[in-house]
Every structure is written in structure tokens, then in C-alpha cells.
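Engineer: Sending over a structure as C-alpha cells; questions will come in a sec.
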Amino acid sequence: MPEDQPKPTPLLDELETGPWPSFVTEIKRAAENNPASADLLGLLERSYQDRKGHWKHGGIVGVRGYGSGVIGRYNDIPDEFPNVAQFHTLRVNHPSGWFYTSDALRTLADIWERHGSGLTNLHGATGDIILLGARTDQLEATFQDLTAAGFDLGGSGSAMRTPSCCVGQARCEWACFDTMKFCNNLTQAYQDEMHRPPFPYKFKVKASGCPNDCVAAIARADLSIIGIWKDDIRQDDAAVAEYAAAGLDIARDVCARCPGQCMEWTGAHLTIDNRDCKRCMHCINVMPKALRPGVERGAAILIGAKAPIVQGALLSSVLVPFVPEAEIEATVRELLARIWEFWDEYGKNRERIGELIQRVGMAAFLDGIGLEPRPEMVAFPRDNPFVFFQKEDTK
Amino acid sequence: MPKYEHDGRIYEVDEDGFLQEPDLWNETVARDFAASEDVPEMTDAHWVVVNYLRNYYLQFGIAPMVRKVVKETGFKLTQIYELFPSGPAKGACKVAGLPKPTGCV
Ligand code: HEM
Ligand code: HEM
Ligand code: SF4
Ligand code: SF4
């Protein structure tokens with residue numbers, strides 16, 4: 001077989017037969033002018049044959065002055081697949097809300113075709129731009145070109161990970177605070193913590209402008225900042241009537257699905273008992289022209305979510321039920337300082353903050369960072385004896 | 001097995017350039033590997049970090065967590081990056097002849 005003919009990949013080809021776009025098709029296209037992409041397919045085909053991954057675990061590579069941003073990858077049969085013998089990943093800090101000019105994207109793609117495999121993943125689970133497949137000797141040059149174009153690497157390893165946020169006020173009327181500004185300010189403030197890993201393990205901060213939580217902060221971020229309003233849902237009765245006239249079954253599709261069970265539709269009038277509203281966004285999402293978040297806006301701060309890696313998955317717990325919009329950033333920075341200090345002192349190697357809180361208990365954690373327990377921290381405050389007394393109180 | 005050569009001395013290393021046999025380590029080895037990590041000269045400050053890592057490794061068999069390195073050597077993390085531009089894990093541990101720290105991603 002001539003050198004430039006791609007090797008057959010019958011098992012991978014199966015993945016192209018379904019109705020959806022296939023990464024196999026994409027990588028085959030990339031393989032037309034890039035030998036690393038061809039070997040990447042070959043190596044994956046081999047993994048399917050052998051029923052075994054051929055990537056080795058972990059490698060330590062990087063660029064000068066940074067301890068994170070590059071993830072080392074080697075395969076365990078480099079003689080057979082020399083073009084992916086080194087196939088390192090660069091994480092590049094994405095812009096807040098993932099807004100680019102097409103020029104910026106072209107610049108990135110050009111840099112990456114010069115130095116790497118040309119394959120990208122926009123965006124990785126952390127939010128970063130992922131550049132897949134660099135040789136060790138290309139890392140420094142890639143980094144130089146990226147910084148010259150105004151980009152920087154993101155976080156990896158036991159570092160503050162690149163903060164991310166929903167598009168917020170740039171596109172979305174529900175945003176209760178400026179998530180993009182918050183995200184950018186936080187990124188600038190914690191450059192050291194992102195580039196030079198100081199922690200027991202990774203730490204992710206994500207911000208959503210409202211409880212729809214488009215960046216899924218509540219399920220994946222160590223610290224989630226989720227926009228919320230304190231006063232009443234704003235209601236336009238004429239618009240409610242229009243929805244009803246247009247055939248929306250308000251009793252069934254709105255009121256019956258309200259988790260606060262606090263909405264009533266008489267057939268002519270909608271009432272919301274806002275004291276029992278859980279700020280879930282359901283009614284607002286169904287009737288966006290009639291209902292809007294209130295005007296007293298801010299955010300809830302939550303702690304401790306993570307995906308199942310070392311231990312199982314965790315959802316966040318409420319740390320601060322409401323911070324007014326103007327105080328969000330200062331409050332988060334103060335909290336981060338205290339949380340990191342506690343984690344530094346008591347965290348074990350590779351223990352996420354949520355796991356540490358599970359181990360020592362929420363009461364001890366709150367005490368350690370100097371916060372009073374509050375009913376909003378508990379999912380069902382009336383039937384969950386979450387925090388009762390400290391030992392000293394019972395003497 | 002990849003090799004690393006400095007001043008005519010040849011070492012077996014892993015693909016990231018870490019010394020394969022930590023027992024072979026001595027101060028000459030440290031100086032040789034410093035050259036591979038952008039450390040032109042091993043000053044007293046470099047030795048404080050390297051000796052701390054080395055002793056911790058001999059006692060516990062692993063590399064210490066970063067916050068311990070900072071606490072025990074008295075250097076701020078940014079100072080450690082000034083001494084070892086490739087950082088405490090890739091740079092300082094390599095010079096101290098520790099096996100590659102694992103699983104930090
Ligand atoms: C006039 C009589 C009583 C009144 C007014 C009363 C009232 C209450 C109230 C207001 C609560 C808290 C409910 C909540 O957290 O929402 C409570 C909890 C409780 N009561 Fe009573 N109670 C009475 C008698 C009793 C008796 C006779 C018993 C047991 C023999 C009892 C056992 C409990 C228990 C086990 C709890 C739950 C405590 C927990 O959440 O861990 N109560 N009661
Ligand atoms: C082996 C014996 C018992 C066990 C294992 C037990 C267990 C429980 C549990 C798990 C709860 C729910 C707590 C929560 O939601 O966080 C509860 C609630 C309650 N128990 Fe018991 N219980 C026992 C005996 C009793 C007895 C003998 C009484 C009364 C004479 C009683 C009265 C109550 C009351 C009133 C509540 C409701 C409290 C509330 O609404 O907050 N329990 N019990
Ligand atoms: S999280 Fe809320 S504010 Fe942000 S984009 Fe989604 S709906 Fe809009
Ligand atoms: S936001 Fe959710 S809980 Fe609040 S009134 Fe609407 S549906 Fe009910």
C-alpha cells in the first residue's frame with residue numbers, strides 16, 4: 001500500500017453510519033493533510049481491536065513559568081504510531097461567554113496548524129479552547145504565538161481551573177448579574193492560582209446569570225455563582241391572558257409543575273405566592289412574555305459539586321443564599337480566600353472541597369470559614385436536622 | 001528507553017526526562033538535570049528546595065504536596081517558579097531525582 005494511503009479503519013467506520021455527525025469523519029478529513037491525525041485514527045482503531053486504551057496515563061510537560069495549561073499524553077506503542085508518540089493537549093483560556101470574532105478563530109486555527117495536529121475541541125468541559133496533539137518541542141513555540149495573538153493558557157492539574165460563565169447580559173434577558181464581567185475579573189485576579197497549581201486538587205468556579213444555570217455550575221463547579229432575585233416575579237396580566245387565549249394550559253403546564261406549589265390559575269387570573277417560590281425558572285421559561293425575574297437582583301453562592309472521578313458525584317450546597325449584585329465579586333473573593341485556607345489546612349492530596357466538607361461535616365466547615373449556618377443551606381430545613389448545636393452549646 | 005546526556009554522562013530517563021533510577025542521584029546528577037530545566041546555575045536557594053524534596057522523598061517515598069514545599073522551604077510559589085521555571089513538579093522534582101509525580105490532571 002502506498003505511503004500516503006490511509007490505513008483501513010473498519011471498526012471506526014461503523015461510527016460514521018449513524019444519523020449524527022461523526023468525529024471519525026472529521027478526523028479523516030484532517031488526516032488528508034496531517035499525519036498525526038492519520039495515526040490518531042489508527043491508534044483508536046487498534047484500541048477497538050485490542051479492547052484496550054493505548055494512551056498512557058499522565059505526563060508532565062509544560063511551558064516556562066507555568067505549571068499548568070498543558071496535559072502530557074504519550075501512547076504505549078509509539079513505534080507503530082510515531083506521529084502520535086507525543087500528543088499533548090493545550091488548554092487555552094476562552095473569552096467570557098465564548099464570544100469570538102471570526103478573525104480570532106482563524107488566528108487560533110492558523111497557529112494550531114503550524115504547530116500541532118490542527119485538531120481542536122471547542123470547548124472542553126472546563127470551558128477552555130482545547131488544542132489536541134502537540135509534540136513536546138512545539139509547546140514553547142505554540143505558547144509564544146498564542147500570547148502574541150492575545151491568548152493565554154488555562155488551568156489544569158491541582159490549580160484554579162479557567163473560570164467560565166453563561167452568556168449572561170450579552171444575550172439573555174434573565175441574567176441577574178453581569179456574568180461575563182464577573183468571569184473576566186475573576187480570571188484576571190487569580191492568574192497565579194491558575195498557572196501555578198497551589199491546591200490539593202482542582203478548583204472550578206462557574207457563574208450562571210439565573211437558575212436555568214446554562215453552564216451547569218451547580219453540578220460541576222466547586223464554587224457556583226448563580227443569579228437570583230429576592231423580590232417577586234414580575235407579572236404582566238395582559239400577557240398571561242394572551243398565553244391562555246393562545247391555548248397554553250396554564251393550570252396543567254405551569255401551576256401543576258411549580259415545585260413551590262405556589263401558583264394558582266383561576267381560569268382568568270394567575271396568582272403567585274412568592275414566599276414559597278423556589279426560583280426554579282419553570283414558569284418564566286414557559287411564559288417569557290408574561291413573567292420575568294424580580295428587580296432586586298443578585299446571586300446565590302454554592303459550594304462543593306463535582307463529577308465522579310475519584311469518588312462519586314456531588315451536587316452543590318448553598319453557602320450564601322443571596323448577595324446583592326454590587327457585592328458579588330467582593331464576597332466571592334473573600335469567600336475564596338477563606339475556603340482555600342481551610343482546604344489548604346485540612347484537605348488531603350486529591351480531595352475536592354466537596355469531599356472535604358463531607359468528611360468533616362458542613363457544620364465544621366462553616367465554622368472553619370466563619371459563616372453562620374442558615375436554613376437556606378438545607379434542602380428541607382423543616383425535616384432535616386442538619387446543624388443543631390455545636391458541642392460547646394450543649395455543655 | 002530514552003536517554004539524557006550532559007557533559008558526557010548518560011542517564012536513562014522516562015519520556016518526560018525524569019531519572020529512571022532515583023538511587024543513582026547525587027549532586028552532580030542534580031546539576032546535569034538542572035541544565036535540562038532552564039536552571040543555568042544551582043544556587044543555595046535551589047539547593048534548599050532540592051534537598052527538601054530529596055529528603056522528603058527518601059523518608060516517605062513520594063513527592064510532597066506543593067503547599068508543604070512552600071511552607072517548609074519558606075519560598076513563595078512564585079519564587080519557586082523563578083528558581084525552577086518549569087515549576088516544582090516538572091522542574092524541581094526532576095532535578096532532585098524523584099520519579100515523575102503522577103496523576104495530577
Ligand atoms: C403540644 C404538643 C407538641 C407540640 C406543639 C409540638 C410541636 C413541635 C414542633 C413545632 C416541631 C418542629 C417541627 C418542624 O421542625 O417543622 C416538633 C418536632 C418534633 N416533635 Fe413535637 N410537639 C408536641 C408534642 C410532641 C410529643 C409528645 C412528641 C414525642 C413523644 C414530639 C416529638 C417530636 C419530634 C421527634 C420532633 C422532631 C424533631 C426533629 O426534627 O428532629 N412532639 N414538635
Ligand atoms: C425507633 C424509633 C424511632 C425512629 C427510628 C424514628 C425515626 C424518625 C425519623 C428518621 C424521622 C424523620 C426525621 C427527619 O425528617 O429528619 C422521625 C420524625 C418524627 N418522629 Fe420518629 N422515630 C422513632 C420513634 C418515634 C416516636 C416513639 C415518636 C413519638 C412518640 C416519634 C415522633 C416523631 C415525630 C413527631 C417526627 C416528625 C418530626 C417533624 O415533622 O419534623 N418518633 N422519626
Ligand atoms: S443561565 Fe440564565 S441568564 Fe445565563 S444564559 Fe442561561 S438563561 Fe440566560
Ligand atoms: S419560579 Fe418555579 S417555584 Fe417560582 S413560581 Fe415559578 S414555577 Fe413556581
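The values are calculated or read from the model by the stated rules, or taken from the named source; none is laboratory data. What you see is a predicted model, and the numbers here were worked out from it, not measured in a lab. Virtual Cβ from ideal backbone geometry, glycine too; neighbours counted across all protein chains shown. The accessibility values were calculated without ligands, DNA or RNA, using every heavy atom of the protein model including side chains. Shrake-Rupley method; radii C 1.70, N 1.55, O 1.52, S 1.80 Å.
Engineer: Hey, in chain A, which Cys have no second cysteine's beta-carbon closer than 4.7 Å?
Structural biologist: A:172, A:176, A:210, A:255, A:258, A:262, A:277, A:280, A:283
Engineer: Using Cα pairs under 8 angstrom and six or more residues apart, how large is the relative contact order of chain A, in percent?
Structural biologist: That works out to 11 percent.
Engineer: Whenever you get a sec, compute what percent of the accessible area on chain A sits on carbon and sulfur atoms (1.4 Å probe).
Structural biologist: Carbon-and-sulfur percentage of accessible area, whole number: 50.
Engineer: Here is a follow-up. In percent, how large is the relative contact order of the range B:3-95, given Cα pairs closer than 8 Å and 6 or more residues apart?
Structural biologist: Normalised by residue count, the contact order of the range B:3-95 is 27 percent.
Engineer: In deg cm²/dmol and to the nearest 500, what is the mean residue ellipticity at 222 nm of chain A if only DSSP H runs of at least 4 residues count, each as -39500 (n - 2.57), divided by the residue total?
Structural biologist: So the calculated ellipticity at 222 nm is -9000 deg cm²/dmol.
Engineer: Per residue, how much accessible area does chain A show when a 1.4 Å probe rolls over the protein heavy atoms, in square angstrom?
Structural biologist: 50
Engineer: In whole Å, what is the distance between the alpha-carbon centres of the range A:274-322 and the range A:343-362?
Structural biologist: Each part's Cα centre sits 24 Å from the other's.
Engineer: In addition: Pick out which of A:66, A:243, A:201 has the largest mean-square fluctuation in a Gaussian network model of chain A, springs linking Cα atoms closer than 10 Å.
Structural biologist: Checking each option, the largest mean-square fluctuation is seen for A:243.
Engineer: Using only helices, what value at 222 nm comes out for chain B when you add -39,500 (n - 2.57) per DSSP H run of length 4 or more and divide by the total residues, to the nearest 500 deg cm²/dmol?
Structural biologist: -11000 deg cm²/dmol
Engineer: Further question: At the nearest 100 Å², what buried accessible area, both sides summed, do you get for A and B when the probe is 1.4 Å?
Structural biologist: 2000
Engineer: Scanning chain A for GluC sites (Glu not before Pro) in DSSP loops with at most 16 other Cβ atoms within 10 Å, what's the longest stretch left with none?
Structural biologist: Longest run free of exposed loop sites: A:174-295.
Engineer: Now for a different question. Determine the alpha carbon to alpha carbon distance for each of A:202/B:3; A:7/B:100; B:68/B:94; A:52/A:206; A:52/B:68; A:230/A:391 and list only those over 29 Å.
Structural biologist: A:202/B:3; A:7/B:100; A:52/A:206; A:52/B:68; A:230/A:391
Engineer: Under a Cβ-only charge scheme (Lys and Arg +1, Asp and Glu -1), can you give me the dipole magnitude of chain B about the Cα centre, in debye to the nearest 20?
Structural biologist: 540
Engineer: Tell me the Rg and the Dmax, in Å, that the Cα atoms of the range A:287-355 produce.
Structural biologist: Cα-based Rg and Dmax for the range A:287-355 come out at 15.9, 50 Å.
Engineer: In sequence order, what are the phi-derived ³J(HN,Hα) couplings for the range B:43-56 according to the Karplus relation 6.51 cos²θ - 1.76 cosθ + 1.60 with θ = phi - 60°, rounded to whole Hz, with x for glycine and proline?
Structural biologist: Rounded to whole hertz, the list is 8, 4, 4, 4, 5, 4, 5, 5, 5, 4, 4, 4, 5, 4.
Engineer: How big is the gap, in Å, between the Cα center of the range A:115-163 and the Cα center of the range B:46-105?
Structural biologist: 25
Engineer: From the Cα gyration tensor of the range A:10-148, with a ≥ b ≥ c the square roots of its eigenvalues, which class applies: rounded if a/c is under 1.5, or else prolate if a/b is larger than b/c, or else oblate?
Structural biologist: oblate
Engineer: Sticking with this structure for a sec: Take peptide A:179-187, look around each residue's Cβ out to 10 angstrom, count Cβ atoms belonging to other protein chains, and average those counts.
Structural biologist: Mean partner-chain Cβ count within 10 Å for A:179-187: 0.
Engineer: In whole percent, and with a 1.4 Å probe on the protein chains, what portion of the accessible area of the range B:3-95 is carbon and sulfur?
Structural biologist: Roughly 48 percent of what the probe reaches on the range B:3-95 is carbon or sulfur.
Engineer: Now for a different question. Specify the residue with the greatest mean-square fluctuation among A:367, A:344, A:103, computed from a Gaussian network of chain A linking alpha-carbon atoms under 10 Å apart.
Structural biologist: Highest fluctuation of the listed residues: A:103.
Engineer: log₁₀ I(q)/I(0) of the protein assembly as shown at q = 0.06, 0.10 Å⁻¹, via Debye over equal Cα point scatterers, no solvent, to two decimals?
Structural biologist: -0.36, -0.92
Engineer: Now, a different point. What residues does the range A:22-64 have that are buried by at least 50 Å² of accessible area in the full protein assembly compared to the chain on its own, 1.4 angstrom probe?
Structural biologist: Residues passing the criterion (a loss of at least 50 Å², heavy atoms only) are A:60, A:64.
Engineer: Below 8 Å, C-alpha to C-alpha, sequence gap of six or more: please give me the relative contact order for the range A:222-336 in percent.
Structural biologist: Contact order relative to length: 33 percent.
Engineer: Note every residue of the range B:48-80 with a reduction of at least 10 square angstrom in accessible area, all protein chains present versus the isolated chain, computed with a 1.4 Å probe, or write none.
Structural biologist: B:65, B:66, B:67, B:71, B:77, B:78
Engineer: Using the Karplus curve 6.51 cos²θ - 1.76 cosθ + 1.60 with θ = phi - 60°, what ³J(HN,Hα) values do you get for each residue of the range A:93-108, in whole Hz, with x for Gly and Pro?
Structural biologist: 4, 7, x, 3, x, 6, 9, 10, 8, 5, 4, 4, 5, 5, 4, 4
Engineer: Can you work out the Karplus-derived ³J(HN,Hα) for every residue in the range A:224-239? Use 6.51 cos²θ - 1.76 cosθ + 1.60 with θ = phi - 60°, whole Hz, and x for glycine or proline.
Structural biologist: Working through the residues one at a time gives 10, 10, 10, x, 7, 10, 9, 8, 8, 4, 7, 10, 10, 4, 4, 6 Hz.
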